[in-house]
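Structure, as structure tokens:
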Amino acid sequence: MAEKKSRILTVKRFLEQHTDEAHPVTMTDILAHLDAEGITASRKPVAQDIEELAASGVDVVCNPGNPNEYFIGDRHFELPELKLLVDAVRASRFIPPRKVVALIGKLTAMASHHQADELRRSLYSGKPARPIGDKAYITVDLLHMAINTGKQITCKYFEWNADKKKVYKHRRQDYHFSPYGLIWNNDRY
């Protein structure tokens, strides 16, 4: 039973990573991949695995022919949607460069490797000011949580001096706010 689970998950992962409408694979391709992964299988059990995947909600499309061709049809995001999201992440002013690379990697993983090549494209959006650390998107998330739960937030105001040191303003006074909403304007929160 464990071998069957391993096989069906390997087939699913292979189809997700290597197929799309323009790049279907044959049963021979699937069997060769399983063999490369050290899983011995024949056509009939793999065909049953594909049927089980389809029955469980995975959109495995079969183009009948000689030989049949298989690919993942419907994905969480269509390629144009992923392109839009990648462009938005790349152009964002408040996401640190390291996090931009990580987010684009996660979005790219949602496409086949053929489609992933299309997501690696240049986008010129001027030279966006990027934060130094990872705090901006974390702060935005905390503000959303405070808004959704109706809680107050407490903060201190500070600025950076010429030596790039944090200098608190107003004698480190605490400020209490009740956030009601966030505004997105001019690519900034």
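Brief remarks on what is shown
- Taking residues in the range 178-189 that are exposed (fewer than 10 other Cβ atoms within 10 Å of the Cβ), and partners anywhere that are aromatic (Phe, Trp, Tyr), the pairs with Cβ atoms closer than 8 Å and at least 6 places apart or on different chains are Ile183/Tyr189.
- Spans of helices (runs of 4 or more DSSP H) in the range 1-64 with at least 2 residues outside the structural domain of Thr108 (by TED's automatic domain parsing) and in contact with an Asp or Glu (Cβ under 7 Å, 6 or more places away or on another chain): 2-18
- Yes/no for Arg93 being assigned to a loop (DSSP other than H, G, I, E, B), of a type in the set (D, E, K, R) and surrounded by fewer than 17 Cβ atoms within 10 Å (Cβ to Cβ): yes
- Neighbours by Cβ (under 8 Å, 6+ apart or cross-chain): first from the range 79-107, under 16 Å from Val140 (Cβ atoms) and modelled with pLDDT of 85 or more; second aromatic (Phe, Trp, Tyr) and part of a helix (DSSP H, G or I): Lys99/Tyr137
- Taking the conditions (1) modelled with pLDDT under 75; (2) on the phi < 0 side of the Ramachandran plot in turn, Gly126 satisfies each one other than (2).
- Flag if Thr149 is free of Cβ contacts under 8 Å to residues at least 12 places away in the same chain, hydroxyl-bearing (Ser, Thr, Tyr) and farther than 27 Å from Ala91 by Cα: yes
- Inside the range 136-172, residues that are in a loop (DSSP other than H, G, I, E, B) and exposed (fewer than 10 other Cβ atoms within 10 Å of the Cβ) make up a count of 7.
So that you can scan it fast, the table gives a plain yes or no per residue for (1) over 23 Å from the mean Cα position of the chain (by Cα); (2) at pLDDT 95 or above; (3) surrounded by 12 or more Cβ atoms within 10 Å (Cβ to Cβ); (4) among the aromatic types (Phe, Trp, Tyr):
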| position | (1), (2), (3), (4) |
| --- | --- |
| Thr19 | no, no, yes, no |
| Ala22 | no, no, no, no |
| Ala41 | yes, no, yes, no |
| Gly65 | yes, no, no, no |
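- Output for the range 65-89, where each listed residue is touching an Asp or Glu at 6+ places or on another chain (Cβ under 9 Å) and not acidic (Asp, Glu): Tyr70, Phe71, Ile72, Gly73, Arg75, Leu79, Leu82, Lys83
The values are calculated or read from the model by the stated rules, or taken from the named source; none is laboratory data. None of these values were measured; they are calculated from a predicted model. When we count neighbours, we look across all protein chains shown, and the Cβ atoms used for this are built from the backbone with ideal geometry, even at glycine.
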